[in-house]
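Just below is one structure, and these are the notes that go with it.
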Amino acid sequence: ERTMLTERLAHRSTDEPVQDLQILHERVIHNFIVNRNFSSFAHIHHEDFSPLEDSNLAAATLTFPYHFPTNGDYRIVSEFTHRNRSWTKHFDVTVGEPKPHQKTVIDLSREKTIDEFQATLSVSPTRPVAGFETEMILQLRRDSKPVTDLELILGSEAHVALWRVDGAHFGHTHSYTPHMAAMMGKMHDRAADPQMRAKAMTRMMIAMMNEPPVLVFPGPRIPFRYVFSEPGTYAIFIQCAPAGVSTVFSFMLEVVEYQSGVETNIQSISVPSAERN
């Protein structure tokens, strides 16, 4: 059944509504909803259903409907930005009568079929290592032909949401464009003060997400990069828009713990020259 969800952001000390919320990737609050066994996923916002009014911002209160697909336990992660700092808030919701915890089905296959699409996820290293950058490329085919009609969705070719399958270590990233690569390169100066580098990273990400959206990857490949903070099995949901239609492709990856002296098979994924321009 249709459920209305309402979020109110307030300062803990005063209970006053939070002002000056920033719009990033075309939305004020990004909401990610998963069944705790990772059998369903949604990425939704107030603005998907109702215009964003001044009254919403003044009260820091946003509302959106959702149809939970089945009974069970769900986790909602809400992500927003205030004064150039990103925040995430986590909520757990039980839908219907409480049930015994449903076991998460682990599927580590790198090829998936969704409707008429065939999706392949290339990963380097083939066994990602916690604490180190992992390179990923999603390659899409439609009825066995390369997809070349990807459109921007909320300012990016793709939104990637991921959790470790125990529900911890949520992450949210986007396509890895050449512009992002250039900006990230400036952050790799290990001689810089770590705190200053972290602040610069935050400023960089905010500035990057406020830039006018530009389509860089029309397909069939979309590259990503991510640093998994801890070892374990992760569920990954990649949302993109072939022919302008929002479509989600889900995968799972096993992330291993770093061991000194152990070969990790870290190597770069080959990216076509058109994607490096």
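The values are calculated or read from the model by the stated rules, or taken from the named source; none is laboratory data. Because the structure is a prediction, the values reported are computed rather than measured. Quick reminder, even Gly has a Cβ in these numbers, built from the backbone with ideal geometry, and neighbours come from all protein chains shown. Heavy atoms of the whole protein, side chains included, go into the accessibility calculation; ligands, DNA and RNA do not. Shrake-Rupley method; radii C 1.70, N 1.55, O 1.52, S 1.80 Å.
Here are some notes:
- Take the Cβ atoms of ASP20 and ARG127, set R0 to 45 Å, and the FRET efficiency comes out at 0.55.
- In order along the range 111-125, the phi-based Karplus estimate (6.51 cos²θ - 1.76 cosθ + 1.60, θ = phi - 60°) of 3J(HN,Hα) comes to 10, 9, 10, 10, 6, 8, 9, 10, 10, 10, 10, 9, 9, 9, x Hz; Gly and Pro are listed as x.
- Carbon + sulfur, % of accessible area of the range 43-131 - ligands and nucleic acids excluded, 1.4 Å: 51 percent
- Label positions at SER246 and SER40, each projected 7 Å from the Cα along the C-beta direction, are separated by 1.5 nm.
- Simple spin-label estimate for LEU215 and VAL105 gives 3.4 nm between the two label positions (7 Å along the Cα-to-Cβ direction from each Cα).
- Under 12 Å, Cβ to Cβ, from ARG225 - net charge with Lys/Arg +1 and Asp/Glu -1: -2
- In a DSSP loop and with at most 11 other Cβ atoms within 10 Å, the GluC sites (Glu not before Pro) in the range 1-80 are GLU1, GLU53.
- By a 1.4 Å probe calculation restricted to protein chains, MET4 has an accessible surface near 100 Å², given to the nearest 10.
- Phi to ³J(HN,Hα) by Karplus 6.51 cos²θ - 1.76 cosθ + 1.60 over the range 38-55, Hz, x for Gly, Pro: 6, 8, 8, 8, 8, 10, 9, 8, 4, 5, 5, 10, 9, x, 7, 9, 4, 5
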